[in-house]
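The next block holds one structure in the form of structure tokens; read it before the comments.
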Amino acid sequence: MILPGASLMIYEILTLFPAMVQVPLGESIVGKAQQRGLIEVRVHNIRDYASDRHQMTDDRPFGGGEGMVMKPEPIVRAIEDIKGQGPLPRVILLSPQGRLFNQEKAWELSRLSRVILLCGRYEGVDERVVSHFVDEEISIGDYVLTGGELGAMVVVDAVSRLLPGVLGNESSAADESFSQELLEYPQYTRPQDFRGLRVPEILLSGNHEMIRQWRRGQSLLRTRHRRPDLFTRLRLTAEDEKLLRRAADEESRDP
Ligand code: 9WO
């Protein structure tokens with residue numbers, strides 16, 4: 001069956017450690033999306049594009065200093081080779097110097113048909129590659145990793161689940177258009193009593209309107225507690241104010 005709006009997304013991952021990304025992206029929902037032809041993950045070893053006898057991909061930094069820098073030639077050869085094989089891809093470098101990745105960026109990338117995800121290693125990539133062959137630098141968070149591979153996997157995961165058909169018919173990522181501004185409410189499953197810890201009574205009531213209100217209140221309360229930065233940007237309705245007060249009162253009675 002052809003899914004409405006289904007459009008193939010191609011990820012070209014450039015890395016010195018292909019196995020590091022190949023295996024995880026073959027699992028679970030992203031792996032299933034590959035099998036179903038909704039996405040294609042092509043992993044390229046940058047070393048294969050090194051032309052010298054020793055297939056060198058790194059060298060000592062001009063100006064001196066610790067560690068090694070990735071040489072420009074193999075990376076640029078790889079980018080140019082891949083560019084010649086299909087629709088013009090956006091070239092993205094995963095690096096701590098990039099703009100912070102978020103849900104809005106994930107939606108933006110989901111509208112592209114092909115991206116090159118360049119994963120740096122060592123102390124970084126020669127700046128001439130960044131300035132002349134990279135369209136955009138993305139960071140997945142304010143911490144330093146040993147390379148860009150985990151960042152590339154985060155991007156593939158977050159973008160793929162937004163593509164039509166990837167999550168299946170029952171749950172669409174589009175339902176979550178608001179989910180970046182409000183944290184999720186707490187979830188429970190069986191048993192009702194786990195080592196004396198009981199599921200909130202309201203969730204067993206079968207009263208769907210009461211349950212919706214309780215969940216909304218929990219989401220608002222959590223967001224205020226844990227993400228004051230998100231909370232201040234919310235435009236609360238009169239009902240939201242009421243549900244938030246109710247949730248806060250309940251919590252102060254039995255924390
Ligand atoms: C290592 C280092 C050691 C001594 C002095 C300076 C240094 N900088 C770095 C460094 O930034 N190494 C990076 C390792 C080079 C590019 C690939 N690496 C990387 C990517 N680490 N963390 C990321 C990353 C990617 C996306 N989002 C967050 C972090």
Residues Asp193, Asp175: which one is loosely packed, with under 10 Cβ neighbours inside 10 Å, outside the structural domain of Val30 (by TED's automatic domain parsing), modelled with pLDDT under 95 and more than 16 Å from the ligand (Cβ to nearest atom)?
Asp175
Give segment 184-216 a look and list any residue that's within 27 Å of the chain's Cα centre (by Cα) and part of a helix (DSSP H, G or I), or say none.
Arg215, Arg216
Only residues that are touching a residue at least 60 places away in the same chain (Cβ under 8 Å) and either aromatic (Phe, Trp, Tyr) or over 30 Å from Asp58 (Cβ atoms) (or both): list them for segment 98-122, please.
Asn102, Gln103, Glu104, Ser110, Ser113, Tyr122
Out of all the residues in segment 19-32, is one or more within 19 Å of Asp126 (Cβ to Cβ) and open to solvent by 30 Å² or more (accessible area, probe 1.4 Å)?
no
Taking strands (runs of 3 or more DSSP E) that do not extend beyond segment 72-155, which have at least 2 residues that are more than 10 Å from the ligand (Cβ to nearest atom)?
90-100, 114-119
Whether any residue in segment 74-95 is on the phi < 0 side of the Ramachandran plot and touching a Pro at 6+ places or on another chain (Cβ under 6 Å) is what I want to check.
no
Keeping to segment 35-53, report how many residues are closer than 17 Å to Ile116 by Cα and not aliphatic (A, V, I, L, M).
7
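The values are calculated or read from the model by the stated rules, or taken from the named source; none is laboratory data. Model, not experiment: these values are computed from the prediction. All Cβ positions, glycine included, derive from the backbone under ideal geometry; neighbour counts span all protein chains shown. Accessible surface is based on the protein model in full, side chains and every heavy atom, while ligands, DNA and RNA are left aside. Shrake-Rupley method; radii C 1.70, N 1.55, O 1.52, S 1.80 Å.
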